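All remarks here apply to the structure that follows.
The values are calculated or read from the model by the stated rules, or taken from the named source; none is laboratory data. Bear in mind that the values here come from a model prediction, so they are computed numbers and not experimental data. Reconstructed Cβ throughout: ideal geometry from the backbone, glycine too, with neighbour counts over all protein chains shown.
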Amino acid sequence: MKIYTKHIIVNTEKKIDFVRITDKVREVVNDSGVKEGLVLINPMHITASVFINDNESGLLSDFRNWLEKLAPMHMEDLRKYNHNLTGEDNAYAHLWRTMMGRETTVAITDGKLDFGPWEEIFYGEFDGQRDKRILIKVLGE
Amino acid sequence: MKIYTKHIIVNTEKKIDFVRITDKVREVVNDSGVKEGLVLINPMHITASVFINDNESGLLSDFRNWLEKLAPMHMEDLRKYNHNLTGEDNAYAHLWRTMMGRETTVAITDGKLDFGPWEEIFYGEFDGQRDKRILIKVLGE
Amino acid sequence: MKIYTKHIIVNTEKKIDFVRITDKVREVVNDSGVKEGLVLINPMHITASVFINDNESGLLSDFRNWLEKLAPMHMEDLRKYNHNLTGEDNAYAHLWRTMMGRETTVAITDGKLDFGPWEEIFYGEFDGQRDKRILIKVLGE
């Protein structure tokens with residue numbers, strides 16, 4: 001049984017951003033030497049997300065608009081989120097990460113991510129402009 | 001360590017549909033010979049979902065109505081989703097799959113899916129009427 | 001390869017509640033003896049959720065309000081959810097569990113949950129006041 005762990009750091013220029021990390025995950029899977037198994041990818045922060053969807057810029061902007069619609073960054077009055085009464089201003093980011101999901105687990109078959117043609121892994125940053133960590137854990141043989 | 005991989009094909013008659021796949025997953029777990037471990041189940045497409053919920057037709061129609069409410073298939077003007085400016089018409093399906101989740105991981109104990117009484121695995125198709133693949137990966141011993 | 005399974009029971013006083021279970025999961029990981037691997041945590045019921053977010057009471061109340069906004073417990077008329085035509089009254093709880101997610105998978109590194117500083121595991125109960133089970137499955141070496 002092989003188990004391999006990598007923590008990577010991202011720091012987005014924008015407060016809200018989507019970063020494609022498929023190639024980075026592939027590199028870690030290669031380094032692990034695992035030919036058959038699973039890889040777990042998750043942010044180590046609670047205002048970010050790792051998810052799988054289409055690498056199409058229009059769709060990524062649709063995600064952004066949709067998140068804002070279902071969980072506005074700013075309520076009419078910022079204080080309408082109870083979390084923001086603590087001095088925080090990022091309640092929306094905790095909700096967005098919930099909508100997009102925390103983590104993904106991907107199958108490794110024949111040493112490769114066992115993906116369909118359009119599957120791409122993204123890191124969704126909802127409160128960035130600072131160092132954040134992503135955990136990649138590979139397990140198999 | 002045993003690792004077993006199966007790709008199955010689904011092609012729904014309806015564009016939007018929910019297909020119960022619990023028995024198919026059980027069959028794959030049986031074939032794997034794994035008695036203790038995990039099974040990952042995910043669509044290999046980004047307009048579909050694998051999730052666990054109740055096998056009750058009223059609830060499945062509630063899901064359908066709720067998805068439409070939170071992410072309408074058609075905005076007033078179809079072009080209101082940026083993704084649809086690329087010639088696609090399925091932006092809604094990418095959002096629905098996000099709401100329902102991409103994948104599920106299920107524990108295997110004593111050779112069986114370690115489920116509560118009402119847990120059932122569904123494939124949610126949001127842009128069907130064509131061949132789609134589901135990946136089932138079993139890992140354990 | 002070590003595999004360890006634990007089923008725990010929760011029974012919340014309130015119908016809707018969030019229970020922090022990080023320490024319980026840590027205890028099970030310790031008991032498993034696994035130093036490197038994965039732990040899957042999921043409710044065995046379809047009106048509950050296991051998720052990772054911030055242990056801040058204001059945020060937990062924001063989750064509650066947000067769930068109610070996007071999937072009201074009671075529609076103007078209770079029967080507006082088709083699921084509730086079957087005699088059930090908890091269609092909302094199936095939707096809330098979908099929004100919050102069924103399960104989480106967490107990496108174990110050096111015998112510990114490989115967490116960032118604010119990650120905490122919660123059990124979200126959406127139709128409680130009765131015994132419910134949570135499954136914790138540890139796999140690794």
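The condition of being closer than 24 Å to B:Ala71 by Cβ and hydroxyl-bearing (Ser, Thr, Tyr) holds for only one of C:Ser32, C:Ser49, C:Ser61, that being C:Ser49.
Report yes if some residue within the stretch A:5-27 is modelled with pLDDT under 95 and surrounded by 15 or more Cβ atoms within 10 Å (Cβ to Cβ); otherwise report no.
Our first condition is that a residue be modelled with pLDDT under 95; within the stretch A:5-27, this holds for none.
Among the residues of the stretch A:5-27, not one is modelled with pLDDT under 95 and surrounded by 15 or more Cβ atoms within 10 Å (Cβ to Cβ), which makes the answer no.
For the stretch A:20-37, a residue qualifies if it is over 15 Å from the mean Cα position of the chain (by Cα) and not in a strand (DSSP E or B), and the qualifying residues are A:Arg26, A:Glu27, A:Val28, A:Val29, A:Asn30, A:Asp31, A:Ser32, A:Gly33, A:Val34, A:Lys35, A:Glu36. In the stretch A:1-41, what residues are β-branched (Val, Ile, Thr), within 12 Å of chain C (Cβ to nearest Cβ) and within 24 Å of B:Tyr4 (Cβ to Cβ)? Matches in the stretch A:1-41: A:Ile3, A:Val39, A:Ile41. Condition check for B:Asp62 on (1) out of contact with any helix residue (DSSP H, G or I) (no Cβ under 7 Å at 6 or more places or on another chain); (2) charged (D, E, K, R); (3) part of a helix (DSSP H, G or I): one failure, at (1). Pairing each residue of the stretch C:38-54 that is part of a strand (DSSP E or B) with any residue that is buried (at least 24 other Cβ atoms within 10 Å of the Cβ) and among the acidic types (Asp, Glu), provided the two are 6+ apart or on different chains, yields C-beta distances under 7 Å for C:Ala48/C:Glu125. So, B:Leu85, is that one without any contact (Cβ under 8 Å) to a residue 40 or more places away in the chain, within 26 Å of B:Asp54 (Cα to Cα) and either of a type in the set (D, E, K, R) or within 7 Å of another protein chain (Cβ to nearest Cβ) (or both) or not? Answer is no for this residue.
Within the stretch C:65-72, can one find any residue that is of a type in the set (S, T, N, Q) and closer than 20 Å to B:Leu38 by Cβ? No, the stretch C:65-72 has no match at all. Whenever a residue of the stretch B:107-129 is at the interface with chain C (Cβ under 7 Å from one of its Cβ atoms) and of a type in the set (Val, Ile, Thr), its partners that are surrounded by 16 or more Cβ atoms within 10 Å (Cβ to Cβ) and outside any strand (DSSP E or B), lying with C-beta atoms within less than 9 angstrom and at least six residues away or across chains, give the pairs B:Thr109/B:Glu36. Among the residues of the stretch A:42-75, the ones that are polar (S, T, N, Q), more than 7 Å from every other protein chain (Cβ to nearest Cβ) and buried (at least 23 other Cβ atoms within 10 Å of the Cβ) come to 3 in all.
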